[in-house]
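**Student:** My questions all concern the structure below.
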Amino acid sequence: MSLYSFDGQGLKKMILGSTNLLARHKSEIDALNVFPVPDGDTGNNMYLTLLAAAKEIQNLDTTHIGEVAEAAAQACLMGARGNSGVILSQLVRGFARALEGKEKANALEVVEALEEGAKLAYQAVMNPVEGTMLTVMRRSAEAARTAVLRKYDLLRVMIITLREARLALRETPELLPVLKEAGVVDAGGRGYVVILEGILNVLKRVEDFSLLKDFTARQEDKFSKGLTRGLDTEIHFTYCTEFLVKGSNIPLDTLRHELVPYGDCLMVVGSGQVAKVHIHTNHPGLVLENCLNYGSLHELAIHNMKEQHQQRKKESLPEKEVGIVTVGTGEGIIDIMNSLGADTVVVGGQTMNPSTEEIMRAIKGVPARGVLVLPNNKNIILAAEQAAKMVKDKEVKVVPTRTIPQGLSALLAQNPTGSLEDNFQRMSDAARSIVSGEVTKAVRETTHNGLKIHQGDLIGIAEGAIVTVGQDLARVVKELVDNMLDEDHSLVTLYYGSDAGQSAEKIVDNLKTHYPDIEFELHYGGQPLYHFILSVE
């Protein structure tokens, strides 16, 4: 079948097809990212950028290819996210510029559009680096030019274009050492290959792409293959600053709000007597002065992340003594784990336990001589221990954390300069000091501890035992807290999930009224299935 031109309707289908294909592959693309501080969102950024165009042009009442291309380019420009999204938007802008005023495009005009897109993409980057999606764009456009000079039809031109894009992608690690070291290809380049595959599927009529199949912009699956946390080549906040504030009646919420303007990766946790502060900032002195208003400072640690990153780049040995692999699910939970120093978060939890191989791969991927693994679920501990035994080139210990709160407590207890054994003991002790609870819905009818439970009931679970059942979320949470608290406890932290909705803050306000002597912290967890995850200490 020969194909020599297409109009605006064809371009619509190509954009819709590429968007749908990106939706399927965005998690895979996300997992290719190796440039920290945690990124892992190239696929999602490219998808959301192209999704903006797909939404804009899906019902556009024109078959004029120049008009469709212009609408898509404008939408991409407005919807661009991240570096990869901006580069992609410039590619689409190049298409629109080359196709301006045209009703249809033939093979030569498509090649010119590819060339113009690659040209604008390069111009969008101040210091273009080969081995990125820019290389894949340029080389595929060059191959397209060679093919069109041989008088090939449009379908064959695009087949050759995709073939060269795949070849260029495979060679990106040879051009960019950081990719070779990580054992991955360029994420943005992979995203561009997927886009070309979507275009070719339309040209081949492999599938009906007349409808956009995935309008969702949710990102729960962005960590499906794990997320590596490290240091980006462009670090916006230089100093990782951690310390304790000891005082009386420390207003944690107030302190947190006061520190927000000073940086990112902010965590303020603890009680009215002791608060732990973690922040990435360019002004650690201002942070410390602010916190001195609430008490004395202890266990102060300030690290220059830019200097550490430059030093690590020069070293051939593992980057540090101790690394951490942790398991978690939910956007908020994973973000918190990353901010507390996890090198890799393997997605997993209830109903989706990661395999031994997945955990082993995560351990091997951490640039450290020794690795601590936090399973954070009783059903994952054995798999983690098996994975640890299979790794021969580094020392691995499994901290037997059985819940998310135990894992977060363990992360807070780590000593960045301590040994593997020292951190193992510190983190194990911290995990044991936490009382964990969850609120979820029953999936079947049963009886437990004398409680009659019906499918759909809300159940409160403390340390693995069901202690309360009901239909009212606020009541179940309060009864669960009642069960978990004793006279020695001073802090309750709640991580609300995707099912808790807007009721979370109201529920915590109610708890504060009932327990005036207890400090309550509320964080977004984003975890599926569980309305709340609770820790008491």
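Taken together, the values in this text are just the output of simple stated rules run on the coordinates, not laboratory data. Quick caveat: nothing in here was measured; it's all calculated off a predicted structure. When we count neighbours, we look across all protein chains shown, and the Cβ atoms used for this are built from the backbone with ideal geometry, even at glycine.
**Student:** Work out, step by step, the length gained on full extension between Gln273 and Arg145: first 0.36 nm times the residue separation, then minus their alpha carbon distance; give nm to one decimal. Walk me through the intermediate numbers first.
**Tutor:** Numbers: separation 128, 0.36 × 128 = 46.08 nm, distance 6.90 nm.
Going from the current span to full extension adds 39.2 nm.
**Student:** Additional query: If R₀ is 41 angstrom, what is the calculated FRET efficiency for the pair Ser490 and Asn127, using the beta carbon separation as r and rounding to 0.05?
**Tutor:** It comes out at approximately 0.20.
**Student:** At R0 = 25 Å, how high is the FRET efficiency between Glu463 and Lys441 if r is their beta carbon distance? Nearest 0.05 is fine.
**Tutor:** For R0 = 25 Å, the calculated efficiency reads 0.80.
**Student:** Also: Measure up Lys276/Lys364; Lys26/Lys478; Lys13/Lys151 against 29 Å on the Cα-Cα distance and list the ones that go over.
**Tutor:** Long pairs (Cα-Cα over 29 Å): Lys276/Lys364; Lys26/Lys478.
**Student:** For labels at Lys204 and Ile159 in the simple 7 Å Cα→Cβ model, what's the distance in nm?
**Tutor:** 0.9
**Student:** On a full-extension model of 0.36 nm per residue, what is the gain between Arg432 and Lys246, subtracting their alpha-carbon distance, rounded to one decimal in nm?
**Tutor:** Contour length minus Cα-Cα distance gives 64.7 nm.
**Student:** Moving on. Aspartates and glutamates near Lys306 by alpha-carbon distance under 12 Å, same-chain residues fewer than 8 away left out - which ones?
**Tutor:** Candidates past the 8-residue exclusion: Asp232, Glu234.
**Student:** What is the order of Tyr239, Tyr4, fewest Cβ neighbours within 10 Å to most?
**Tutor:** Tyr4, Tyr239
**Student:** Go ahead and run the numbers for FRET between Met390 and Leu60, Cβ-Cβ distance against an R0 of 56 Å, rounding to 0.05.
**Tutor:** Efficiency for this residue pair is about 0.55.
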